[in-house]
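The values are calculated or read from the model by the stated rules, or taken from the named source; none is laboratory data. This one's a predicted model, so the numbers in the text were calculated from it and none came from an experiment. FYI the Cβ positions are ideal-geometry reconstructions off the backbone, even for glycines, and counts take in every protein chain you see. These accessible areas exclude ligands, DNA and RNA; they are computed on the full protein's heavy atoms, side chains included. Shrake-Rupley method; radii C 1.70, N 1.55, O 1.52, S 1.80 Å.
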Amino acid sequence: MAGKTLYDKLWDAHLVRENPDGSALLYIDRHLLHEVTSPQAFEGLRLAGRKPWRIDANLATPDHNVPTTLVERRGGVAAIADPVSRVQVQTLDDNCAEYGILEYRMNDPRQGIVHVIGPEQGATLPGMTIVCGDSHTSTHGAFGALAHGIGTSEVEHVLATQCLIAQKMKNLLIRVEGELAPGVSAKDIVLAVIGRIGTAGGTGHALEFAGSAIRALSMEGRMTLCNMAIEAGARVGLIAVDDTTIDYVQGRPLAPKGALWEQAVASWRELHSDPDACFDKVVELDAAAIKPQVSWGTSPEMVLPIDARVPDPAAEADPTRRDAIARALQYMGLQPSQAITDIRLDRVFIGSCTNSRIEDLRAAAAVARGRRVAASVKQALVVPGSMPVKRQAEAEGLDRIFIAAGFEWREPGCSMCLAMNADRLEAGEHCAATSNRNFEGRQGAGGRTHLVSPAMAAAAAVCGHFVDVRELLEQAP
Amino acid sequence: MKAFTRHEGLVAPLDRANVDTDQIIPKQFLKSIRRTGFGPNLFDEWRYLDVGEPGQDCAQRPLNPEFVLNQPRYRGASILLARENFGCGSSREHAPWALDEYGFRAVIATSFADIFFNNCFKNGLLPIVLKAEEVDVLFRDTLANPGYRLSIDLASQTVARSDGSTFAFAVDAFRKHCLLHGLDDIGLTLEHAEEIRAFEAQHRARHPWLFPGSSPAP
């Protein structure tokens, strides 16, 4: 019999029951909540007279529409200018208070983007099943945890039953071997993967990243990778547990301690695919061949290396694809065959659950140090992923580097990734963003998003157009 | 949840691949703490010429005459036809809520994103996957015949055209059962509460670090 994949092992360890029709009940160890997708679930519980099954499995924080300016944050929830956002944040506070759910409120020193704080606080542990009403829950798979996004009805289901009705997915392996070139990061790997397999390439699959290039990544890089599994269509991204994982988790506030820690580590060492495990699909990439990536269109699969030219629809044979390219170029205000390096930027956004952790900010600061944001760039925002990330960056002086270069230094939240708060693009503006989605209107109606790594975003900010960050890293400012 | 058994209705063709949830219902409308009120903002950026904000009276907003759902011949459509990877992007259940409230009972496409697909079943909205050549036929038929209607029967898992020919579709047995009978799946799961408790006790014994306040296993 073939061995098990990591996904198979996690599935088996959480299987409560399997129905004859193939559906199953999976036990959920950790449920993360935020203000946008939870209010209707709590309301549903209340209307049905139900109580949460296991309070201590839940952890909440407001992130999607919290303001990121210090002035607005200082006044607390009551000072949130947008009344609709204010009600939503207040409703999360009220619901968590009513049910006794642990919440890191807006100005708590542990607050941040839900996918940043879970790992940071040790609420995310290897071997867990983790769900959240947010598609980027795939991030937590970097820890060898089975983690994915769910809808609001399922949020209510998990609150009420501690289980999820699930169907088993197929297994997809992405193997990346070799060494990344300097200046090329996890973000470039994942954009290259999406460019290769497409935004529906992982649909119906749990996607495991493996290979020497993945093993060499830090936990933060691995989180960036798994975060965007959903942009390849896979709800689940996974990476096997190794010393890097265990070293990261050790000592986190909610991580096990003492004898429990020793027991946990022994169990976590099993969290890898068996050498003879069978995958339904395998895709292989050469790390050394990956260049810094820039998305040019309105889907994350519309992505190219920095030295490329945007496509010409006339050269595409398939009519649906040709239409999609033509429509994307028109929306993005680009000419067929235009060089990526000729795309000029109006705004730059460094942040989001994809790239707002300390290593991301260090990479961006290394480029920004001693340089200035180009005069043609109207705004360059740096939004740390959490309060602890912000404090760490300030302790290292990164905030001063950014401010000296002309960036704005903000308070933690999702911010301009999806522009639910006041941070957004105006129609027609081009933005170099370290976030995860370049859909039409994602960062503001009519806004034009280009997905890049933090270093590439900083390079675009100082040059006013896209540039291969490796050129800047080679020359001192 | 409302049941879905049979449905006969007008078809609207949205000839695009990768229709994402940000297009289905833009983020500014997700600030609501209610489950209703999203219908008027379905496909907001395509449907209206101005920028949509919560609290507007959508009846007063300028419609984009180019957008397919604004064409008089598709008024009252209840079956949406689209291309591959419909519903990609975020987990927002506001997307099926908005489609449902607009009046759609089914979406036919060559493929769907996983989370969106799952969310549809929780809301009595039937996502139907047909082969690319079948979807091509339906696009052609819809464009060629004003007032083009289809008849969907969940029990027999078929989409019937007016000439009586049918396209078969697959649906997972459990989801079909819930949808046919309009069952609340939390209620169904709680019928297994004893099993869940037994699993939980075993899981705790094996992985005590996952439960705050546990002691190490002996």
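Of note:
- Qualifying residue in the stretch A:423-431 (condition: closer than 15 Å to A:Val382 by Cβ, open to solvent by 10 Å² or more (accessible area, probe 1.4 Å) and not in a loop (DSSP other than H, G, I, E, B)): no
- Hits in the stretch A:17-43 (condition: outside any loop (DSSP other than H, G, I, E, B), open to solvent by less than 20 Å² (accessible area, probe 1.4 Å) and at the interface with another protein chain (Cβ under 8 Å from one of its Cβ atoms)): A:Leu25, A:Tyr27, A:Pro39, A:Gln40
- Taking the criterion of being open to solvent by less than 10 Å² (accessible area, probe 1.4 Å) and facing another protein chain (nearest Cβ under 8 Å), the residues of the stretch A:138-172 that qualify are A:Gly149, A:Ile150, A:Gly151, A:Thr152, A:Glu154, A:His157, A:Ala160, A:Thr161, A:Gln162, A:Cys163.
- Test: residue in the stretch A:81-100 that is under 23 Å from the mean Cα position of the chain (by Cα) and over 25 Å from A:Arg30 (Cβ atoms): yes
- For the stretch B:113-137, filtered to residues that are open to solvent by 10 Å² or more (accessible area, probe 1.4 Å) and among the aromatic types (Phe, Trp, Tyr), the residue that is modelled with the highest pLDDT is B:Phe117.
- Selection of the stretch A:1-14 for residues being in contact with a strand residue (DSSP E or B) (Cβ under 8 Å, 6 or more places away or on another chain) and open to solvent by 40 Å² or more (accessible area, probe 1.4 Å) yields A:Ala2, A:Lys4.
- Within the stretch B:18-62, tally of residues that are over 19 Å from A:Ala427 (Cβ atoms), at the interface with another protein chain (Cβ under 8 Å from one of its Cβ atoms) and either hydroxyl-bearing (Ser, Thr, Tyr) or outside any loop (DSSP other than H, G, I, E, B) (or both): 3
- Some residue of the stretch B:150-166 being open to solvent by 60 Å² or more (accessible area, probe 1.4 Å) and within 17 Å of the chain's Cα centre (by Cα): no
- Scanning the stretch A:313-365 for residues that are within 14 Å of chain B (Cβ to nearest Cβ), assigned to a loop (DSSP other than H, G, I, E, B) and within 19 Å of A:Phe439 (Cβ to Cβ) returns A:Ser352, A:Cys353, A:Thr354.
- Of the helices (runs of 4 or more DSSP H) lying entirely inside the stretch A:212-281, those containing at least 3 residues that are at pLDDT 95 or above and out of contact with any helix residue (DSSP H, G or I) (no Cβ under 6 Å at 6 or more places or on another chain) are A:212-215, A:243-249, A:258-268.
- Out of A:Arg196, A:Arg175, one residue alone is charged (D, E, K, R), in a strand (DSSP E or B), modelled with pLDDT of 95 or more and open to solvent by 30 Å² or more (accessible area, probe 1.4 Å). It is A:Arg175.
- Number of residues in the stretch A:44-72 that are of a type in the set (A, V, I, L, M, F, W, C), under 17 Å from A:Gln90 (Cα atoms) and assigned to a helix (DSSP H, G or I) equals 0.
- Of the residues making up the stretch A:372-397, those that are open to solvent by less than 10 Å² (accessible area, probe 1.4 Å) and within 14 Å of A:Ala458 (Cβ to Cβ) are A:Ala380, A:Leu381, A:Val382, A:Val383, A:Ala393.
- Among the candidates B:Phe211, B:Phe139, residue that is aromatic (Phe, Trp, Tyr) and within 30 Å of A:Arg54 (Cβ to Cβ): B:Phe211
- Residue check, B:Ala106 closer than 26 Å to A:Asn438 by Cβ, crowded, with 22+ Cβ neighbours inside 10 Å and of a type in the set (A, V, I, L, M): no
- Among the residues of this structure, A:Arg54 counts as one that is under 13 Å from A:Leu159 (Cα atoms), open to solvent by 10 Å² or more (accessible area, probe 1.4 Å) and modelled with pLDDT of 95 or more.
- Of all residues making up the stretch A:178-193, the number that are out of contact with any Asp or Glu (no Cβ under 7 Å at 6 or more places or on another chain) and not in a helix (DSSP H, G or I): 7
- Contact map, the stretch A:274-296: first residue β-branched (Val, Ile, Thr), second residue part of a loop (DSSP other than H, G, I, E, B), Cβ cut-off under 7 Å, separation 6 or more or different chains; pairs are A:Ile290/A:Leu180; A:Ile290/A:Val184; A:Val294/A:Ile306; A:Val294/A:Val452; A:Val294/A:Phe466.
- Unique match (being small (Gly, Ala, Ser), open to solvent by less than 30 Å² (accessible area, probe 1.4 Å) and more than 7 Å from chain A (Cβ to nearest Cβ)) among B:Ala170, B:Ala201, B:Ala193: B:Ala193
- Of residues in the stretch B:70-83 being surrounded by fewer than 22 Cβ atoms within 10 Å (Cβ to Cβ) and either closer than 25 Å to A:Ala232 by Cβ or of a type outside the set (Phe, Trp, Tyr) (or both), the one farthest from the other protein chains (Cβ to nearest Cβ): B:Gly76
- When we screen A:Arg105, A:Arg110 for residues that are closer than 23 Å to A:Thr245 by Cα, open to solvent by 10 Å² or more (accessible area, probe 1.4 Å) and either away from chain B (no Cβ under 14 Å) or touching a residue at least 24 places away in the same chain (Cβ under 8 Å) (or both), the only hit is A:Arg110.
- B:Leu80 meets each of the listed conditions (1) in a helix (DSSP H, G or I); (2) over 18 Å from A:Gln167 (Cβ atoms) apart from (1).
- Test: B:His181 is in contact (Cβ under 8 Å) with a residue 24 or more places away in the chain, open to solvent by 50 Å² or more (accessible area, probe 1.4 Å), out of contact with any His (no Cβ under 7 Å at 6 or more places or on another chain) and not hydrophobic (A, V, I, L, M, F, W, C): yes
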